[in-house]
Structure formats: structure tokens, C-alpha cells
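Peer 1: Pasting a structure here, questions to come.
The values are calculated or read from the model by the stated rules, or taken from the named source; none is laboratory data. For clarity, every value in this text was computed on a predicted model and none was experimentally measured. Don't worry about glycine lacking a Cβ; one is built from the backbone with ideal geometry, like all the others, and counts go over all protein chains shown.
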Amino acid sequence: MNSKRLVASIAFLLAVVAAHPAVAAEGPINISLFPPIAIVKPTEGVSAFRLDLIYGKNTSVKVVDLGLINQTTTASNGLQWGFVNYNEGSFSGLQIAAISYDKGTAGGLQWSAFNYAGTETGLQLAFINYAEKLAGFQIGVLNIAKSGGMFPFMVIANWKK
């Protein structure tokens, strides 16, 4: 399929999804330049796929979340890949970024240059890892666990007490 036909097909699909209120209300996919320029409102969730060209904000994203700056306000899960991943609620799955910041519970794998988690139940892999409460494992140059870790500050690795 040539590139013009592919672009036209994608544009048509997005127009149909955006124009159909029932589909748009469910939020199966979202493409966002920055809020409010997006298919799905920031106050709604996305059930399958979100692409954030600059910045995207939704209540939750399930399955795949790709973009430059990705933000969710409640529980999300799946793959979150961006330059900055920011979750106000909990996250489970795989996060890949320069900075991953989870205010709530982070489960699964956080793989970034800098990781932060309110409660870490999985694996943090980064140069700098910080967990308010560590209930998992940290591997990095600098690992900090405010509570729950074997050590409050450790190089190379830290784990649940």
C-alpha cells in the first residue's frame, strides 16, 4: 500500500471514530496533540490505544499508551512509552521513558533514567530510583526507599525488607 493511500485510510478512520458519538464516548482510541485537541476528552478513559503527539491527559489508558508526555489521573495498565510518563493513580505493566512518575502504586517494570513511585511493587530499573514505600525491587546507580526497603539508600540494588 503506498504512503498516500495509507495516510488517507488513517485520516478516514480517525474521522469516522471522532464523528461517531457512541464510539467517541467509549474512547477506544485517542490521538491527542494536547488537551483539549484530542479525540477523547481528558475527563474520559481510553480502553485500547492512545497516541500523544505532544501531551495527552485522560483518566485511564488500557493496553497501549505512546507519546511525548503521557498523563493519567486514575488506574492504568499495559504499555506506557514516552519521554515523560506521569500517573496520578496506580499503574501496572511496562513503563519506558526518560522519566516515569507514579504517585500511586506502580507494579510491573519501570524502565527509565529516573523512576518515582508512591508504592513500588514491581521492578524499578534506572539511574535513579525513588520509592516512598518499596514492596518490590530497585536496580540502578542510586536507589532510595523512604520506607519498606532493606536500606533507605543503596547503590546497585535495593529490595523489600
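Peer 1: Scanning for something modelled with pLDDT under 95 and surrounded by 20 or more Cβ atoms within 10 Å (Cβ to Cβ), does region 73-80 turn up at least one residue?
Peer 2: Within region 73-80, one or more residues are modelled with pLDDT under 95 and surrounded by 20 or more Cβ atoms within 10 Å (Cβ to Cβ).
Peer 1: Test each condition in (1) more than 12 Å from the chain's Cα centre (by Cα); (2) surrounded by fewer than 17 Cβ atoms within 10 Å (Cβ to Cβ); (3) at negative phi for residue 156 and report the one that comes out false.
Peer 2: Here residue 156 clears every test but (3).
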